[in-house]
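Participant: Please read through the structure below; I'll follow up with questions.
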Amino acid sequence: MQPGQAVIDHWRNAAPFWAKHRELIRQMFAPVTQALAEDAGIRSGHAVLDVATGPGEPALSIAALVGPEGKVVGIDPALEMVVAARRAADDSAFRNTQFEVASADCLPFPADTFDAVVSRFGVMFFPSPADSVREMLRVLKPGRKLALAVWHLAGNNPYFHTLSQIVGRYIDSPPPEPDAPDAFRFCTPGKLRNVLAEAGAMAPSGRLLQFTIQVQVPVEDFWTLRCEMSEKLREKIASLSSEQLPEVKRQSLEALREYSTDHGMSFPAEVLIVSGTKPPGI
Ligand SMILES: C[S@@+](CC[C@H](N)C(=O)[O-])C[C@H]1O[C@@H](n2cnc3c(N)ncnc32)[C@H](O)[C@@H]1O
């Protein structure tokens, strides 16, 4: 099996759920998209690459920012994600997007093609983040920027840890190895910035984005949304006994009610936005 193939297979399985919840995912992470667009310096008319686009975000939101004179290309190695992204693009008002099957470490574009490169919650799953950042720098025009979003510490993100803590009381799983593909692989400030430096980015920097994940669904629907979006949670929940499952769900709904408001669920959230510039002559 190729390095990263198990991860890609995992995301191919997850694609129907990510496609189903596409619009809610877009809304929940809109503040992250905005931060990426700001830090990558995206303007009207730009050609932008979205790496690990999943079912088409942030590519489709950025398509509105660059306008009809600009263009956004989204890539993802999971075919089912790309199919979902193309379908969403067909249903949207935008005709300035393109979605292709490709891996971050082998981008099918000539050097110096894009005005900006972004990736939202992707780099933590790449087999070699440094090689992938080198590829992103290769396809960027000199002097242009890339910006990547990764989760900050799990404990500061109740969107994740509320359910994983409760499920973890019943299903024991060892913490992942420091460089295993995992949502929190780059949660330590500075770790991803060092990868950008190693790959040759100029002036790599990171900032903490604190925002609110707002999702207009009741508690019970949020439980379904999270369980479907996370293959890890789905696997663990599937292995609970018939006595454990209702108890885990009861405890989860009780804990999630802390984040329930008149407008749906509302979680404080923390993400790191890490960016760097392509130097001339690489
Ligand atoms: C958490 S999802 C993020 C999707 C989307 N960017 C978003 O924020 O909604 C992670 C994505 O990374 C993709 N991915 C995994 N390995 C990859 C690789 N080697 N190159 C590019 N993308 C990869 C997965 O297929 C999946 O779509």
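Participant: Report yes if residue 55 is surrounded by fewer than 21 Cβ atoms within 10 Å (Cβ to Cβ) and touching a Phe, Trp or Tyr at 6+ places or on another chain (Cβ under 8 Å), otherwise no.
Facilitator: In short, no.
Participant: Could you grab me the full set of residues in the range 66-77 that are farther than 14 Å from residue 92 by Cα, open to solvent by 20 Å² or more (accessible area, probe 1.4 Å) and more than 7 Å from the ligand (Cβ to nearest atom)?
Facilitator: Within the range 66-77, 69, 71 qualify.
Participant: Here's a check for you: in the range 12-24, which residue that is open to solvent by 10 Å² or more (accessible area, probe 1.4 Å) and of a type in the set (A, V, I, L, M) is nearest to residue 78 (Cα to Cα)?
Facilitator: Within the range 12-24, the match that is nearest to residue 78 (Cα to Cα) is 19.
Participant: So, in the range 249-276, of the ones that are in contact with a Pro (Cβ under 8 Å, 6 or more places away or on another chain) and hydroxyl-bearing (Ser, Thr, Tyr), which residue ends up most open to solvent (accessible area, probe 1.4 Å)?
Facilitator: 260
Participant: Any residue at all in the range 171-189 that is under 30 Å from residue 137 (Cα atoms), of a type in the set (A, V, I, L, M), within 16 Å of the ligand (Cβ to nearest atom) and loosely packed, with under 15 Cβ neighbours inside 10 Å?
Facilitator: Yes, the range 171-189 contains a residue that is under 30 Å from residue 137 (Cα atoms), of a type in the set (A, V, I, L, M), within 16 Å of the ligand (Cβ to nearest atom) and loosely packed, with under 15 Cβ neighbours inside 10 Å.
Participant: Just checking, how many residues over the range 38-52 are surrounded by fewer than 22 Cβ atoms within 10 Å (Cβ to Cβ) and either within 8 Å of the ligand (Cβ to nearest atom) or under 14 Å from the mean Cα position of the chain (by Cα) (or both)?
Facilitator: Residues meeting the conditions: 0.
Participant: Oh, and also: Starting from the range 109-127, keep only residues that are free of Cβ contacts under 8 Å to residues at least 60 places away in the same chain, then list their pairs with residues that are assigned to a strand (DSSP E or B) whose Cβ atoms are within a distance under 8 Å, requiring at least 6 positions of separation or different chains.
Facilitator: Close Cβ pairs satisfying both conditions: 112/140; 112/141; 112/142.
Participant: Test residue 94 against the criterion of being in contact (Cβ under 8 Å) with a residue 24 or more places away in the chain, of a type in the set (Phe, Trp, Tyr) and assigned to a loop (DSSP other than H, G, I, E, B), and give yes or no.
Facilitator: yes
Participant: Mind listing whichever residues of the range 231-248 are in contact with a helix residue (DSSP H, G or I) (Cβ under 7 Å, 6 or more places away or on another chain) and either open to solvent by less than 50 Å² (accessible area, probe 1.4 Å) or under 18 Å from residue 158 (Cβ atoms) (or both)?
Facilitator: 231, 233, 236, 237, 240, 248
Participant: Where residues in the range 95-119 are open to solvent by less than 20 Å² (accessible area, probe 1.4 Å) and closer than 18 Å to residue 10 by Cα, which of them is nearest to the ligand (Cβ to nearest atom)?
Facilitator: Top of the filtered list is 104.
Participant: Condition first: open to solvent by 30 Å² or more (accessible area, probe 1.4 Å), under 17 Å from residue 230 (Cα atoms) and within 16 Å of the ligand (Cβ to nearest atom). Can you find one or more residues in the range 141-151 that meet it?
Facilitator: No, the conditions are met nowhere in the range 141-151.
Participant: Given the structure, is residue 9 within 13 Å of the ligand (Cβ to nearest atom), open to solvent by 30 Å² or more (accessible area, probe 1.4 Å) and in contact (Cβ under 8 Å) with a residue 24 or more places away in the chain?
Facilitator: No: the conditions fail for residue 9.
Participant: Can you name the condition, by its number, that residue 83 falls short on among (1) closer than 23 Å to residue 15 by Cβ; (2) of a type in the set (Val, Ile, Thr); (3) crowded, with 23+ Cβ neighbours inside 10 Å?
Facilitator: Every condition holds for residue 83 apart from (3).
The values are calculated or read from the model by the stated rules, or taken from the named source; none is laboratory data. Source: prediction; values computed, not measured. Every residue, glycine among them, receives a Cβ derived from its backbone with ideal geometry; neighbour counts consider all protein chains shown. The accessibility values were calculated without ligands, DNA or RNA, using every heavy atom of the protein model including side chains. Shrake-Rupley method; radii C 1.70, N 1.55, O 1.52, S 1.80 Å.
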